[in-house]
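Working notes for the structure below.
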Amino acid sequence: MILIVDDSRENIISLKKVLEKNNFEVDTASSGEEALKKVLKRSYVLIILDVQMPGMDGFEVAEAISGYSKAKETAIIFLSAASSNIKLITRGYSSGGLDYITKPVDVNILLLKVKTFYRIYEQSRALNEMQNALLEEIEFRKEAERKKDEFISIASHELKTPLTSIKGYIQLLERSIDKGDIPTVKNRLYKVQDHIEKLNILVADLLDISKIESGKLKFNKKFFAIDPLLDNIIEVMQQSHPDFKIVKTESVCENVFGDEMRIEQVIINFITNAIKYSPGTTEIQIFSRVCDGEIYIAVKDFGIGMSKEHQQKVFGKFYRVEETSERFQGLGIGLFICQQIIQRHKGTIGVKSSPGKGSEFYFYLPLNQNKEENH
Ligand code: ADP
């Protein structure tokens, strides 16, 4: 947008006509004071400014707007009766570009200058945009690098914990064997197995992450029945977590097209989290239902829950809810892997939750889909 500032109405009308004919958007002001008010309110690419005006003259206007943030990149073309006073021009104005035209205005020269300023303006805007995008990219990479470093340190710690326990239990196991104390031997063996399983899950998650990063996470999809899968999962999880009651509250007899083991992995992850983040509670509910041609599978707990702001972010890589991260160990990759798996099945994943009341982690998978398009 161009602002024409001139006390002569005829000048304004004729300049406006020429510029509008050349597809420039034009605004006008008939005094320096009116121009200042307009520049305060909006940004102009260019101001065509008459030097000789009653009240504030053109130079004073230029000097005044040089401090306005809205006029940071605004160029000015002065219209002056003679070129002799032009050296005064640069006195106060150092913001955008400056130029002048002597009166009577040669319309062709004016248009040439206006077009040049517009070109410069467009180029500098494109440069600014590029610079901002680059700065954003740098910030994004720095943050990713920081998260990766943090992840490596947490991952090493998480791997070391079960390893240390295994080492300790094996030493104790040796003593129990020497004593011939079979019940204690069995108990310690069970503990070792438990920690090896933890280690196994951790390493499997780390491998999945690296497969996702390199685009090598493969799926072996076929039709499978969802309800028996839920029953199997519940049986296994119930055995390893006897303190919890894992109940199926609703189910459907549907066949789903997908990688059964990967879908099982998602549900087990939901249940493991439901147990981990629900200390002091005893029930976990699982259910499946059909909604609008999709199957909805959910795991509901009555644990610590989380506020709205975390609910989308928990599916991001390495994301952990900060307020509770000290209390519960973890790497912040389980839900990210789940999200990738569901996404690769053309499904959606989400959570409904409220702090202190519990969470319902769910996913939708399309039913009756074409086998070919979902590989
Ligand atoms: P991890 O549990 O290893 O931190 P996840 O990716 O499985 O990683 O989960 C990411 C975060 O989401 C967790 O750190 C936790 O803050 C939050 N979260 C996951 N499941 C639950 C749940 N059932 N209840 C409350 N918070 C949860």
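Read-outs: derived from the displayed coordinates by stated rules, not from any lab. Being a predicted model, the structure only gives us computed values, none of them experimental. Methodologically, a virtual Cβ is constructed for each residue, glycine included, from the backbone with ideal geometry; neighbour enumeration extends over all protein chains shown.
Hull surface divided by four, with the convex hull built on the Cα atoms of the stretch 2-105: how many nm²?
Its average projected convex-hull area is 5.8 nm².
Around Val290, with a cut-off of 14 angstrom between Cβ atoms, what is the net charge of the other residues, counting Lys and Arg +1 and Asp and Glu -1?
-4
For a quick size check, give me the Cα extents of the chain along its three principal axes, largest first, whole Å.
For the chain, the Cα spread along each principal axis is 112, 50, 38 Å.
Past 18 Å, Cα to Cα: identify those pairs from Lys147/Lys218; Lys148/Lys211; Lys245/Lys313, in the order given.
Lys147/Lys218; Lys245/Lys313
Distance cut-off 19 Å, Cα to Cα: go down the list Lys37/Lys70; Lys221/Lys300; Lys16/Lys103; Lys198/Lys308; Lys300/Lys352 and report the pairs above it.
Lys221/Lys300; Lys198/Lys308
If I histogram all Cα-Cα distances within the stretch 143-213 using bins 10 Å wide from 0, what percent of pairs lands in each bin?
Calculated over all Cα pairs of the stretch 143-213, the distribution is 19, 36, 24, 14, 6, 1 percent.
Could you give each residue of the stretch 99-114 its phi-based ³J(HN,Hα) in whole Hz, using Karplus coefficients 6.51, -1.76, 1.60 with θ = phi - 60°, and x for Gly or Pro?
7, 8, 9, 8, 8, x, 5, 8, 4, 5, 5, 4, 4, 4, 5, 4
Using a cut-off of 12 Å between beta-carbons, work out the net charge of the residues near Glu250 (Lys and Arg +1, Asp and Glu -1, Glu250 not included).
Once positives and negatives cancel, what remains is +2.
Length gain on complete extension for the stretch Val247 to Tyr118, per 0.36 nm per residue less the alpha carbon to alpha carbon distance?
Taking 0.36 nm per residue and subtracting the Cα distance, the gain is 39.6 nm.
So what are the stretch 102-154's ellipsoid semi-axes, whole angstrom, largest first, if each one is the square root of 5 times an eigenvalue of the alpha-carbon gyration tensor?
50, 6, 4
For a quick check of your reading of the filter: which trypsin sites (Lys or Arg not before Pro) in the stretch 7-63 sit in a DSSP loop and have no more than 15 other Cβ atoms within 10 Å?
The qualifying sites are Arg42.
For the stretch 120-141 and the stretch 207-243, compute the distance between their C-alpha centroids and round to whole Å.
For the stretch 120-141 versus the stretch 207-243, the Cα centre distance is 44 Å.
If one computes the Cα centroid of the stretch 165-191 and of the stretch 261-292, what distance in Å separates the two points?
If you average the Cα positions of each part, the centres end up 33 Å apart.
Could you work out [θ]222 nm for the chain from helices alone, using -39500 (n - 2.57) per DSSP H run of at least four and dividing by all its residues? Round to the nearest 500 deg cm²/dmol.
The helix contribution divided over the chain gives -17000 deg cm²/dmol.
Sorting Arg327, Arg320 on the 10 Å Cβ count, fewest up front, what's the list?
Arg327, Arg320
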